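Visitor: Here it is, the structure, as structure tokens.
Just so you know, all these numbers are worked out from the coordinates, no wet-lab data involved. Keep in mind the model is a prediction, meaning the values are calculated, not measured. Positions of Cβ are backbone-derived with ideal geometry, glycine not excepted, and every protein chain shown enters the neighbour counts.
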Amino acid sequence: MSEPSPFATLLDHIPVEKHEITVLGSRTSYWVYGPADAPTTIVIAHGYRGEHHGLEPVIAQLPGIRWIGPDMPGFGESTPMTEAPHSITGYASWLTAFTAELGLSESSIMLGHSFGSIISSQAIASGARPKALVLINPIAISGLEGPNKTATKLTVWFYRTAGRLPAPVGNWMLKHWLVTHFVNVNLVKTHDQALRRWIYAEHHMYFNRFASRDVVVEAFEASVSANVSDFAAQLTLPTLFVAAELDDITPIQAVIDLAESMPATEIVVLKDVGHLVHYEVPALAAEAISRFVEKLESPAT
């Protein structure tokens, strides 16, 4: 299944390099987009069962920023961790060590999408010191308390069943076409048929690029074990929430309430879009990030 990317032309004008580094036993592949001398560097923590391609539609809109997009351990081209579990704490430790290895501990902005919003928040709560934080579709409450109770219960049952069955059977279940179709039907909100077909194709192409049944099930359990609000008290750095009015994972009011409880946090709520802001309205997400970065970089007057 292949659909032309609506962002290909923009991406073609952005330089990109692939690199590799070993962090906590994971041979981590990462991609560097944009100019090496850009004044702003953003390090990405992608969503569950995603990989570095997912945020490219947003990257395409902001060619003046240097982006570091790794495949997180066990997903895409990165191997699993051998020195940490695939838990929120484990992934947070990896993200902290990854930015330190690249010399970006205090000079970069962290950006987390969905699952990555929890990981980046835990990393900061545990001692990482980026200069700012951007969370797209932040998970503000437990993933077990989302607005679509039936879909949530079915998803939990599915992953836990796949984890208990023999590995070949569980792996077959997790990679079945219907699983990806279920994700598409439940999360895609756009009425633009061409864009819809492209998002479906992206999920079918990249959603199953995980290292093993055990890693993807372990990471799922991690995804429902914590949320951004668990770390809110430690998130005192400048923070931007890019939230979605129709998010099926976290009710928008929960995101607004969380943002209002965090004095250093501003929130942009995007209308008529759900949990796939990065695919459906990347230009609007990029506008919010651009304004945030400009304010951050401008000297106080």
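Visitor: Can you confirm whether the range 243-252 contains a residue that is part of a strand (DSSP E or B), within 17 Å of the chain's Cα centre (by Cα), closer than 14 Å to residue 134 by Cβ and not aromatic (Phe, Trp, Tyr)?
Guide: Checked against the condition, which is being part of a strand (DSSP E or B), within 17 Å of the chain's Cα centre (by Cα), closer than 14 Å to residue 134 by Cβ and not aromatic (Phe, Trp, Tyr), the range 243-252 yields at least one hit.
Visitor: Determine the pairs where a residue that is under 12 Å from residue 214 (Cα atoms), located within the range 165-178, has a partner that is part of a helix (DSSP H, G or I) with Cβ atoms under 7 Å apart, the partner being 6 or more residues away or on another chain.
Guide: 167/213; 170/162; 170/163; 170/213; 171/213; 174/162; 174/213; 174/216
Visitor: I would also like to ask the following. Mind checking whether some residue in the range 200-208 is without any contact (Cβ under 8 Å) to a residue 24 or more places away in the chain, under 16 Å from the mean Cα position of the chain (by Cα) and buried (at least 20 other Cβ atoms within 10 Å of the Cβ)? Write out each step before concluding.
Guide: Step one: list which residues in the range 200-208 are without any contact (Cβ under 8 Å) to a residue 24 or more places away in the chain, which gives 203.
Those still in the list that are under 16 Å from the mean Cα position of the chain (by Cα) too: 203.
With buried (at least 20 other Cβ atoms within 10 Å of the Cβ) added as a condition, the list becomes 203.
Looking through the range 200-208, at least one residue is without any contact (Cβ under 8 Å) to a residue 24 or more places away in the chain, under 16 Å from the mean Cα position of the chain (by Cα) and buried (at least 20 other Cβ atoms within 10 Å of the Cβ).
Visitor: Could we say that residue 51 is of a type in the set (D, E, K, R), touching a residue at least 40 places away in the same chain (Cβ under 8 Å) and touching a strand residue (DSSP E or B) at 6+ places or on another chain (Cβ under 6 Å) here?
Guide: Yes: the conditions hold for residue 51.
Visitor: State all residues of the range 50-61 that are part of a loop (DSSP other than H, G, I, E, B) and either aromatic (Phe, Trp, Tyr) or surrounded by fewer than 24 Cβ atoms within 10 Å (Cβ to Cβ) (or both); if no residue qualifies, say none.
Guide: Within the range 50-61, the subset part of a loop (DSSP other than H, G, I, E, B) is 50-51, 60-61.
Correct list: 51, 60, 61.
Visitor: While we're looking at this one, here's another question. In the range 25-40, how many residues are in contact (Cβ under 8 Å) with a residue 60 or more places away in the chain, surrounded by fewer than 21 Cβ atoms within 10 Å (Cβ to Cβ) and part of a strand (DSSP E or B)?
Guide: Final tally of qualifying residues: 0.
Visitor: Here's something else I'd like to know. Among the listed residues 211, 233, 167, which satisfies the condition of being surrounded by fewer than 21 Cβ atoms within 10 Å (Cβ to Cβ) and touching an Asp or Glu at 6+ places or on another chain (Cβ under 8 Å)?
Guide: Just a single option satisfies the conditions, and that option is 167.
Conditions tested, residue by residue: (1) farther than 30 Å from residue 292 by Cα; (2) part of a loop (DSSP other than H, G, I, E, B).
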{"site": "111", "(1), (2)": "no, no"}
{"site": "116", "(1), (2)": "no, no"}
{"site": "129", "(1), (2)": "no, yes"}
{"site": "140", "(1), (2)": "no, yes"}
{"site": "160", "(1), (2)": "yes, no"}
{"site": "172", "(1), (2)": "yes, no"}
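Visitor: If you check 267, 249, which single one turns out to be over 30 Å from residue 39 (Cα atoms) and hydrophobic (A, V, I, L, M, F, W, C)?
Guide: Testing whether each residue is over 30 Å from residue 39 (Cα atoms) and hydrophobic (A, V, I, L, M, F, W, C) leaves just 249.
Visitor: Moving on to the next point. Considering each of 84, 97, 8, 60 in turn, give the residue that is aliphatic (A, V, I, L, M), under 25 Å from residue 180 (Cβ atoms) and touching a Leu at 6+ places or on another chain (Cβ under 7 Å). Before you say what the answer is, go through the steps one by one.
Guide: Working: 84 fails: under 25 Å from residue 180 (Cβ atoms); 97 fails: under 25 Å from residue 180 (Cβ atoms); 8 fails: touching a Leu at 6+ places or on another chain (Cβ under 7 Å).
Exactly one of 84, 97, 8, 60 is aliphatic (A, V, I, L, M), under 25 Å from residue 180 (Cβ atoms) and touching a Leu at 6+ places or on another chain (Cβ under 7 Å), namely 60.
Visitor: Those residues that are more than 26 Å from residue 84 (Cα to Cα) and in contact (Cβ under 8 Å) with a residue 24 or more places away in the chain, I need them from the range 1-24; list them, please.
Guide: Across the range 1-24, the qualifying residues are 1, 2, 3, 4, 5, 6, 7, 10, 11, 13, 14.
Visitor: Only one of 154, 144, 174, 178 is under 16 Å from residue 219 (Cβ atoms), surrounded by fewer than 17 Cβ atoms within 10 Å (Cβ to Cβ) and not small (Gly, Ala, Ser). Can you tell me which?
Guide: None of the others qualify; the one that does is 144.
Visitor: From 258, 284, which residue is closer than 25 Å to residue 129 by Cβ, hydrophobic (A, V, I, L, M, F, W, C) and part of a helix (DSSP H, G or I)?
Guide: Being closer than 25 Å to residue 129 by Cβ, hydrophobic (A, V, I, L, M, F, W, C) and part of a helix (DSSP H, G or I) holds for just one of 258, 284, which is 258.
Visitor: Another question, if that's okay. If you check residue 242 against the conditions, is it more than 21 Å from residue 192 (Cα to Cα), among the β-branched types (Val, Ile, Thr) and out of contact with any helix residue (DSSP H, G or I) (no Cβ under 9 Å at 6 or more places or on another chain)?
Guide: The answer is no for residue 242.
Visitor: I need the full set of residues from the range 194-226 which are in a loop (DSSP other than H, G, I, E, B) and out of contact with any helix residue (DSSP H, G or I) (no Cβ under 9 Å at 6 or more places or on another chain), in order please.
Guide: First, the residues of the range 194-226 that are in a loop (DSSP other than H, G, I, E, B): 207-209, 211-212, 224-226.
Listed by number, the residues that qualify are 209, 211.
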